[in-house]
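Chemist: Would you mind keeping the following structure in view while I ask a few things?
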Amino acid sequence: MQGHVTDQQTRLSEALKRRAAEEGFNPVGIARIPGSSRLQLRTNALQRWLDHGHQADMAWMAAPRRQDPRLLLDGANSVLAVGLNYYVDAQPSPGSLKVARYGWGRDYHRVVDQRLRRIGRWLTEQRPDCGWRACVDSTPLLDKAWAEEAGLGWIGKHSNLIHPERGSWMVIGHLLTTEPLNADPPARSLCGRCTACIDACPTHAIREPFVVDARRCLAFHTIENREDDLPENIRAALGPWVAGCDICQDVCPWNHRSLPQSSDPEVQPRPWLLNLQKEQIQSWDDSVWNQNLRGSALRRIKPWMWRRNAAAAQPDPTPTL
């Protein structure tokens, strides 16, 4: 009987990962709750990060449920972790302002959530009595730690997840389930002695490997900071960035190889984001912003914040031919 149960788990686990791949997710992996000893180390690291105030104004990072997925789904036994590649071979126009790549396409929260829910409904068809919950990064879950636990990649020194063949240009999601599934091996860190991301951060926000201080981070200040004025040190270091920042990923050696490009229509860039001028940002009224940001993760940045950020930004100089 035990062997029969194990065979069923194996078939369901493999079928679930195939179903996730059909939704465009790659890589895909499974972890078992409560996870390995490394997961506990990641949980302890989160608490130290909070104790040092590195979360800045992001009070939601301290939610107790973030430290135990069973508080998000009663009886949770397993985690399906999925990655969605958003890398496309496109660059902002010379002399334009810059927006982090994750925001170029449709709001990834909606995209990942909708696809995970379809997978969850499929799982219900296979196991009518099972429970499940779809989670994106707005859910209080140690999402990158569980992705690492499920073998999707390792957490780099810049705190982003890195896949050895796909780099770090991916968003992640999770499906918690009460079903006992077969776990994949956790990912092994391959950062080695590299400090490229730490050295490149213009505000020294990466205080030490794996520790990012949001109070110094350009991404935090352009997206989450609701003050009328940016701090002087952020204004001085902002460069062309008006919505997020990709510097630590741009310099990562794992992103300097031939990476698979996504043909997924949901992640293709909106043209206006690749040729964004300071004059446009300052002149567009709220109705234009509402149209431009419809269905975008960048809607979190209010029009007045775009104007504030643009006022401090300095476009990269146009290269001379």
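Readers should treat all values here as calculations from the given coordinates under stated rules, not as data from a laboratory. For clarity, every value in this text was computed on a predicted model and none was experimentally measured. In this analysis, Cβ positions are derived from the backbone assuming ideal geometry, glycine residues included, and neighbour counts consider all displayed protein chains.
Chemist: Tell me the label-point distance for the pair residue 68, residue 311, using the 7 Å Cα-to-Cβ offset, in nm and rounded to one decimal.
Modeler: Between residue 68 and residue 311, the simple spin-label model gives 4.7 nm.
Chemist: Seen from all sides and averaged, what is the projected area of the convex hull of the Cα atoms in segment 244-321, in nm²?
Modeler: Dividing the Cα hull surface by four gives the mean projection, 7.3 nm².
Chemist: Of 144/278; 98/302; 17/157, which sit over 24 Å apart, Cα to Cα?
Modeler: 144/278; 17/157
Chemist: In terms of modelled amide H atoms, which long-range or inter-chain residues lie less than 5 Å from the amide H of residue 170?
Modeler: Under 5 Å from the amide H of residue 170: 86.
Chemist: Take peptides 143-149, 160-166, 35-41, 78-84 and line them up by average Cβ neighbours within 10 Å, highest first, as a rough protection proxy.
Modeler: Result, highest mean Cβ count within 10 Å first: 78-84, 143-149, 160-166, 35-41.
Chemist: Per the Kirkwood formula on distinct C-alpha pairs, the Rh of the chain is how many angstrom?
Modeler: 20.7
Chemist: Follow-up. Using θ = phi - 60° and the Karplus curve 6.51 cos²θ - 1.76 cosθ + 1.60, what whole-Hz ³J(HN,Hα) does each residue of segment 234-245 get, with Gly and Pro shown as x?
Modeler: Listing the rounded values in order: 6, 4, 5, 9, 5, x, x, 7, 10, 8, x, 7 Hz.
Chemist: Peptides 188-194, 293-299, 168-174: what's the order by average Cβ count within 10 Å, highest mean first?
Modeler: Sorting 188-194, 293-299, 168-174 by mean packing, highest first, produces 168-174, 293-299, 188-194.
Chemist: State log₁₀ I(q)/I(0) for segment 136-194 at q = 0.14, 0.16, 0.17, 0.26 Å⁻¹ as given by the Debye formula over alpha-carbon point scatterers of equal weight, solvent excluded.
Modeler: Taken in order of the listed q values, log10 I(q)/I(0) reads -0.40, -0.51, -0.58, -1.16.
Chemist: With r defined as the distance between the Cβ atoms of residue 250 and residue 8 and R0 fixed at 41 Å, what FRET efficiency is calculated, to the nearest 0.05?
Modeler: Efficiency for this residue pair is about 0.35.
Chemist: So how much slack lies between residue 264 and residue 287, counting 0.36 nm per residue of separation and subtracting their Cα-Cα distance, in nm?
Modeler: My answer for the length gained is 5.5 nm.
Chemist: Using the Kirkwood formula over every pair of different C-alpha atoms, what hydrodynamic radius in Å results for segment 196-312?
Modeler: For segment 196-312, the Kirkwood estimate is 15.7 Å.
Chemist: May I pose another question? Quick one, can you get me the convex hull of the C-alpha atoms of segment 104-240 expressed as volume per residue in Å³?
Modeler: 143
Chemist: Which FRET efficiency, nearest 0.05, do residue 226 and residue 204 yield, Cβ-Cβ r, R0 25 Å?
Modeler: With a Förster radius of 25 Å, E is 0.60.
Chemist: Are there cysteines in the chain with no second cysteine's Cβ under 4.7 Å away, and if so, which?
Modeler: Those would be 130, 135, 191, 194, 201, 217, 245, 252, since no other cysteine Cβ in the chain comes under 4.7 Å of theirs.
Chemist: A follow-up question, please. Set Lys and Arg Cβ to +1 and Asp and Glu Cβ to -1, take the dipole of segment 196-312 about its Cα centre, and tell me which of 291, 197, 311 lies farthest positive.
Modeler: Farthest towards the positive end: 291.
Chemist: Still on this structure, I have one more. Per q in 0.19, 0.22 1/Å, what log10 I(q)/I(0) does a Debye calculation on the alpha-carbon atoms of segment 276-316 return?
Modeler: The Debye formula, applied to the Cα set alone, gives -0.52, -0.69.
Chemist: Tell me the label-point distance for the pair residue 190, residue 110, using the 7 Å Cα-to-Cβ offset, in nm and rounded to one decimal.
Modeler: Once both label points are built, they end up 3.5 nm from each other.
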